[in-house]
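Q: Below you will find the structure I want to go over with you.
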Amino acid sequence: MRIAIASDHAAVALKADLREYLIELGHEVADLGPDSADSVDYPDYGYKLASVIADGTAERGVALCGTGLGISMAVNRNPACRCAVVSEQLSAYFSRDHNDANVIAMGARMIGIEQAKACLRTFLETPFGGDRHARRVGKLSHPPVSETA
């Protein structure tokens, strides 16, 4: 699978560890940066990650920052992306099974490396459940036009 990974400065070390783990699992990995722990703005890297998901360059994405929250908000600005913040395997599972998430977000200050690897593996191995969830997931990219009362 082609996977893109990006972080801010707070998660550079976690990004490096997860990049190596993904390579060990046999995935093709595009590291979108940054390359150092010098301060950067997480939206820049979230938008960069979202663009490679949206254009099909990568099939899945991994977004990392201190909490996972800020970068996930940036990624989710792109209607082609469904980014879920997770910190344990059950959330990672349901992000795929129910929500067809194509990007996972985690916080380097919130999760250890072994738990992050477990979440990532669950995210990558879980298929989308489809069926009743497909209609709902479709609405995430194409919200209904609001009606005035």
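Q: Filter the stretch 1-47 down to residues that are part of a loop (DSSP other than H, G, I, E, B) and of a type in the set (Ser, Thr, Tyr), then give me how many there are.
A: Residues meeting the conditions: 2.
Q: Okay, moving on. Take the stretch 65-101 and flag every residue that is without any contact (Cβ under 8 Å) to a residue 40 or more places away in the chain, within 14 Å of Pro43 (Cβ to Cβ) and among the hydrophobic types (A, V, I, L, M, F, W, C).
A: Those that are without any contact (Cβ under 8 Å) to a residue 40 or more places away in the chain, within 14 Å of Pro43 (Cβ to Cβ) and among the hydrophobic types (A, V, I, L, M, F, W, C): Leu69, Met73, Ala74, Val75, Cys81, Cys83.
Q: Name the residues in the stretch 48-58 that are crowded, with 20+ Cβ neighbours inside 10 Å, in contact with a strand residue (DSSP E or B) (Cβ under 7 Å, 6 or more places away or on another chain) and not in a loop (DSSP other than H, G, I, E, B), would you?
A: Across the stretch 48-58, the qualifying residues are Leu49, Ile53.
Q: Looking only at the stretch 86-105, count how many residues are over 20 Å from Gly138 (Cβ atoms) and surrounded by fewer than 20 Cβ atoms within 10 Å (Cβ to Cβ).
A: Total meeting the criteria: 6.
Q: Something else now. Checking Arg19 against (1) surrounded by 16 or more Cβ atoms within 10 Å (Cβ to Cβ); (2) in contact (Cβ under 8 Å) with a residue 24 or more places away in the chain; (3) of a type in the set (D, E, K, R): exactly one of these is not met. Which one?
A: Exception for Arg19: condition (2).
Q: Now for a separate question. Would the stretch 34-42 turn up any residue that is touching a residue at least 12 places away in the same chain (Cβ under 8 Å), crowded, with 24+ Cβ neighbours inside 10 Å and touching a helix residue (DSSP H, G or I) at 6+ places or on another chain (Cβ under 8 Å)?
A: yes
Q: Mind counting the residues in the stretch 104-131 that are farther than 15 Å from Leu14 by Cβ, acidic (Asp, Glu) and modelled with pLDDT of 95 or more?
A: Residues meeting the conditions: 1.
Q: Can you tell me how many residues within the stretch 59-73 are touching a helix residue (DSSP H, G or I) at 6+ places or on another chain (Cβ under 8 Å) and either crowded, with 24+ Cβ neighbours inside 10 Å or of a type in the set (A, V, I, L, M, F, W, C) (or both)?
A: 8
Q: Could you name every one of the helices (runs of 4 or more DSSP H) located completely within the stretch 59-149 that has at least 1 residues being charged (D, E, K, R)?
A: It comes to 89-97, 113-125, 132-141.
Q: Right, next: Does the stretch 34-44 contain any residue that is among the aromatic types (Phe, Trp, Tyr) and either over 21 Å from Pro127 (Cβ atoms) or touching a Gly at 6+ places or on another chain (Cβ under 6 Å) (or both)?
A: Yes, there is a match, as at least one residue in the stretch 34-44 is among the aromatic types (Phe, Trp, Tyr) and either over 21 Å from Pro127 (Cβ atoms) or touching a Gly at 6+ places or on another chain (Cβ under 6 Å) (or both).
The values are calculated or read from the model by the stated rules, or taken from the named source; none is laboratory data. Note that the structure is a prediction, hence the values are computed from the model and not measured. So basically every Cβ, Gly included, is an ideal-geometry build from the backbone, and we count neighbours across all protein chains shown.
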